[in-house]
Amino acid sequence: MNGLHDRKVTRGWNRRLAAALSLAVVLVAAGGAAAEEPWEPLLEPDPSVAKTLPLPEQERQVETLEQKGGFIGYGFVATDGYGGRAEPFGFLRSSRTGGLFYRNLQRDGNLEVEGAYLNEHDYHGDLLLDYQGDYRLHLRTESLFHNLDREILFSPNFQAGRVDPPRTPADYLAVQDPELDYGVSVVQDNADFRYRLHNYPLHVSLGYWRLVREGTKQQRFADIAFEGTPNTIYAAPRNVNQQTQEGRVGADVHLGPVDLAYEFKIRVFEDRQPIPSGPYVSRNDIAGNPETVGGVREHNENPDSRFISHTLKMHSSMSGGLVASGAYSVEQRENLSNLSDTTGAKYIREDLHNAAGDLSYIFNKEWSAAVKYRRQQLENDGRGEVTSVNFANPVVLVKSPMDTTRDTVTATISYHPRRDFTVTGEYRGQFQQRSNVSSLQSYTSWALPEDSASHRGVISANYRPVTGVRFNGSYSYTTVDHPSYGASYQEKHEGKLLASFIRNNGWGGSANLIVRREMNPDVQHFLVNLPVDPTVSTDVTYTAYPLTSRDRQVVNGNLIGWLVPLPGLTLGANYAYLDTRIDQSVLFSMVAVGHEAGSDFYDRSHVFGVSATYTGVDKLDLSLMLQQVRSASAFEPAFTSFSAGSDTSGITGITRQNTVVSQLSARGEYHFTPMLSSSLQYQVRNYDEKNPAYSLYNGTVHSVVATVAATW
């Protein structure tokens with residue numbers, strides 16, 4: 001039937017073509033007669049003319065492209081010492097490896113499938129199917145493995161004071177977990193489907209996403225208070241089996257000058273392991289009255305949760321260089337806690353309202369401007385009384401959450417006087433309001449500013465003086481009237497500079513520098529008012545501490561260069577420098593003035609790397625890469641003696657780290673034929689911590705991967 005239909009369509013097309021050409025000749029002849037020129041007989045249509053006209057899409061001949069291939073091999077892995085720091089994202093076991101790919105590209109549809117398997121926790125697969133652009137399906141799965149550290153608790157046990165009767169020293173104990181290899185595999189599955197109405201600008205899309213985390217990690221929890229004894233810190237293995245699922249459905253349509261889009265999304269998190277529990281001792285308050293009951297109690301729950309959102313977007317490209325867009329979304333987050341000894345947490349909700357509007361205008365080829373507005377409103381709902389059987393008085397006093405509103409306005413103007421030069425200026429203002437806050441900490445409110453506003457100005461330039469050379473630079477200044485937290489800044493300066501060049505595809509390089517400074521001369525702290533009079537109240541109250549200062553400086557830079565000295569040989573080198581330094585006053589006690597010390601924290605890294613690739617031989621490809629990262633950090637408080645006979649000596653020694661991470665990778669591939677090849681890759685990674693206190697994580701990982709690949 002299809003062949004018959006195609007022949008009918010072809011004959012009809014030829015008849016229409018012949019009639020059209022005949023009519024054109026008659027009109028030309030008639031025009032010539034009007035000009036009193038000799039009449040010429042009607043000519044038959046030239047077949048060569050018909051051959052030059054485009055054929056209907058259904059009759060076009062498109063050659064099918066088909067490719068397929070794969071590889072098989074084996075990966076050998078050997079470790080010396082602890083390998084989790086040297087290779088944090090790799091399953092440290094030898095395994096078979098392999099992969100396949102298939103591509104079929106036709107006029108009406110495309111099919112692409114590819115996947116690779118390195119080991120049971122490191123693999124990926126991808127499928128893409130498209131039919132005439134009307135139906136599009138994309139499936140993907142991928143997995144990786146994350147090695148996790150095992151922390152060592154303090155040793156030996158010790159005693160320290162307590163504040164409740166009889167105020168005799170309390171025992172501080174550590175319960176260490178057995179020596180195990182901890183790690184979690186992370187699997188992501190994604191499915192997207194889009195349908196386009198063939199002759200109408202309408203799309204309908206469906207999506208599904210899943211994230212699964214499985215493995216074992218170290219769980220650390222504590223039964224510690226200033227009242228009672230003993231005080232114990234526990235480390236124990238905890239099984240991990242968590243799943244997050246997300247579903248999406250949406251539609252978008254083009255309606256003349258306006259594009260509309262809608263999306264509905266639901267995401268559900270589920271912890272499929274039971275809530276851990278542990279032993280807790282009963283404790284009194286500071287006056288000796290019973291406060292907690294003790295016993296085996298649940299702790300460290302990862303509560304189940306649900307997220308739902310509706311989003312509506314609009315976009316319009318009006319005439320005269322004016323473009324407008326807007327969006328509005330309503331989101332709801334809901335806690336689905338499964339605690340059995342605590343009530344009042346389940347079904348607590350947060351409602352978020354997000355609105356956005358953008359407007360841009362191109363005045364002429366030199367000037368353009370844009371204005372953006374964002375608003376986010378967070379409201380808390382579904383909160384009631386919280387009770388716990390762990391307390392002598394089961395009704396627990398908890399702080400009410402904050403409701404917040406945040407408005408952000410951004411205005412940008414760009415000047416483009418020449419093709420090789422652009423200057424852009426930007427202003428960004430952010431204004432935030434909070435509820436349930438106060439100037440001092442309390443059991444019922446948060447010690448945060450009620451209003452906060454930040455203003456940022458940015459000037460940037462882009463210059464390309466000659467082909468292959470480019471310079472980018474920017475400077476920004478930000479000021480905040482009421483910084484929210486101790487690490488927040490009141491004033492910020494930031495400068496960026498980038499230069500890059502390429503010379504005749506034979507050599508090139510780039511340089512990047514970022515300098516940032518953040519300052520806050522008014523950092524707020526609070527002291528506990530002591531002594532507490534238990535005959536009046538056992539509630540703890542606070543007093544504002546004299547303001548301190550904080551200064552943070554960041555310098556990041558990198559250099560990259562590459563060279564092609566010989567055909568097929570490429571050499572490269574790179575260097576990066578990252579430096580962060582913080583100077584601030586640190587309180588070592590929250591009960592008395594004078595227990596502070598000026599302190600410095602620094603974190604500095606040097607990254608060195610060289611590489612070489614050679615493809616000068618027809619059948620042989622070679623590559624070599626070496627990299628070393630040298631990092632150092634420490635917390636350095638000035639020597640200060642306190643009233644209780646303690647001081648800051650020794651802190652720097654136990655916080656200092658000096659780490660060297662080295663890596664070498666070499667790979668060779670030999671092509672026996674254009675369709676058959678073999679490769680061998682060797683890699684070694686070494687983690688070396690110079691501070692003996694942290695040398696537990698030192699180790700080396702060697703890996704060798706041999707594969708045979710073919711296409712057909």
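Here are the numbers for the structure shown:
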{"read-out": "Value of [θ]222 nm, deg cm²/dmol, for the chain, DSSP H segments ≥ 4, -39500 (n - 2.57) each, nearest 500", "value": "-2000 deg cm²/dmol"}
{"read-out": "Given charges at Cβ of Lys, Arg, Asp, Glu: the chain dipole, positive-most of 554, 680, 312", "value": "680"}
{"read-out": "Relative contact order [Cα under 8 Å, 6+ residues apart], the stretch 260-388, whole percent", "value": "20 percent"}
{"read-out": "Cα gyration tensor, the stretch 316-395 - rounded (a/c under 1.5), prolate or oblate", "value": "prolate"}
{"read-out": "Rounded to 10°, Cα long-axis angle of helix 2-34 versus longest principal axis of the chain", "value": "60 degrees"}
{"read-out": "The stretch 73-226, accessible surface, carbon-and-sulfur percent (1.4 angstrom probe)", "value": "56 percent"}
{"read-out": "Three-way shape call for the stretch 545-610 based on the alpha-carbon gyration tensor, with the a/c threshold at 1.5", "value": "prolate"}
{"read-out": "Only Lys, Arg (+1) and Asp, Glu (-1) charged, at Cβ; the stretch 505-569 dipole about Cα centre in debye", "value": "440 debye"}
{"read-out": "Student exercise, the stretch 348-418 dipole from Lys, Arg, Asp, Glu Cβ charges, in Debye to nearest 20", "value": "380 debye"}
{"read-out": "Computed over the chain: relative contact order in percent, which uses C-alpha pairs under 8 Å that are six or more apart", "value": "8 percent"}
{"read-out": "All lysines inside 23 Å of residue 68 as judged from Cα atoms, apart from same-chain residues fewer than 8 positions distant", "value": "619"}
{"read-out": "Sparse-neighbour loop sites [GluC sites (Glu not before Pro); the stretch 384-466; at most 16 other C-beta within 10 Å; DSSP]", "value": "385, 450"}
{"read-out": "Of 127, 148, 82, farthest towards positive along the dipole that unit charges on Lys, Arg, Asp, Glu beta carbons give the stretch 81-210", "value": "127"}
{"read-out": "Protein accessible area in the stretch 591-654, 1.4 Å probe - carbon and sulfur %", "value": "59 percent"}
{"read-out": "Local electrostatic count at residue 509 - Lys and Arg +1, Asp and Glu -1, tallied over other residues with Cβ under 14 Å", "value": "+2"}
{"read-out": "Cross-link reach list, aspartates and glutamates versus residue 372, counting only Cα pairs under 16 Å and skipping chain neighbours closer than eight places", "value": "358, 407, 426"}
{"read-out": "Sulfur and carbon atoms: percent of accessible area, the stretch 339-496 [1.4 Å]", "value": "56 percent"}
{"read-out": "Order by protection proxy (mean Cβ within 10 Å, highest first), peptides 409-417, 499-507", "value": "409-417, 499-507"}
{"read-out": "Net charge dipole size for the chain [Lys, Arg +1 and Asp, Glu -1 on Cβ; Debye, nearest 20]", "value": "1420 debye"}
{"read-out": "Signed unit charges on C-beta, dipole axis of the stretch 629-712, positive-most listed residue 652, 705, 629", "value": "705"}
{"read-out": "Total formal charge among the other residues, if their Cβ is under 13 angstrom from that of residue 252, Lys/Arg +1 and Asp/Glu -1", "value": "+2"}
{"read-out": "Peptide ranges 194-205, 298-309 listed from the most packed, as the mean C-beta count within 10 angstrom indicates", "value": "298-309, 194-205"}
{"read-out": "Among the listed pairs 265/346; 496/690; 313/492; 217/399, those beyond 27 Å (Cα-Cα)", "value": "496/690; 313/492; 217/399"}
{"read-out": "Solvent-accessible area per residue, Å², over the chain with all protein chains present [probe radius 1.4 Å]", "value": "59 Å²"}
{"read-out": "Overall form of the stretch 482-602 per C-alpha gyration tensor (a/c, 1.5; a/b vs b/c)", "value": "prolate"}
{"read-out": "Computed over the stretch 143-268: relative contact order in percent, which uses C-alpha pairs under 8 Å that are six or more apart", "value": "24 percent"}
{"read-out": "Protection-proxy order for peptides 688-697, 151-160, each taking the mean of Cβ atoms within 10 Å per residue, highest first", "value": "688-697, 151-160"}
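The values are calculated or read from the model by the stated rules, or taken from the named source; none is laboratory data. Owing to the predicted nature of the structure, the values given are computational and were not obtained by experimental measurement. Don't worry about glycine lacking a Cβ; one is built from the backbone with ideal geometry, like all the others, and counts go over all protein chains shown. Accessible surface areas use protein heavy atoms only, side chains included; no ligands, DNA or RNA. Shrake-Rupley method; radii C 1.70, N 1.55, O 1.52, S 1.80 Å.
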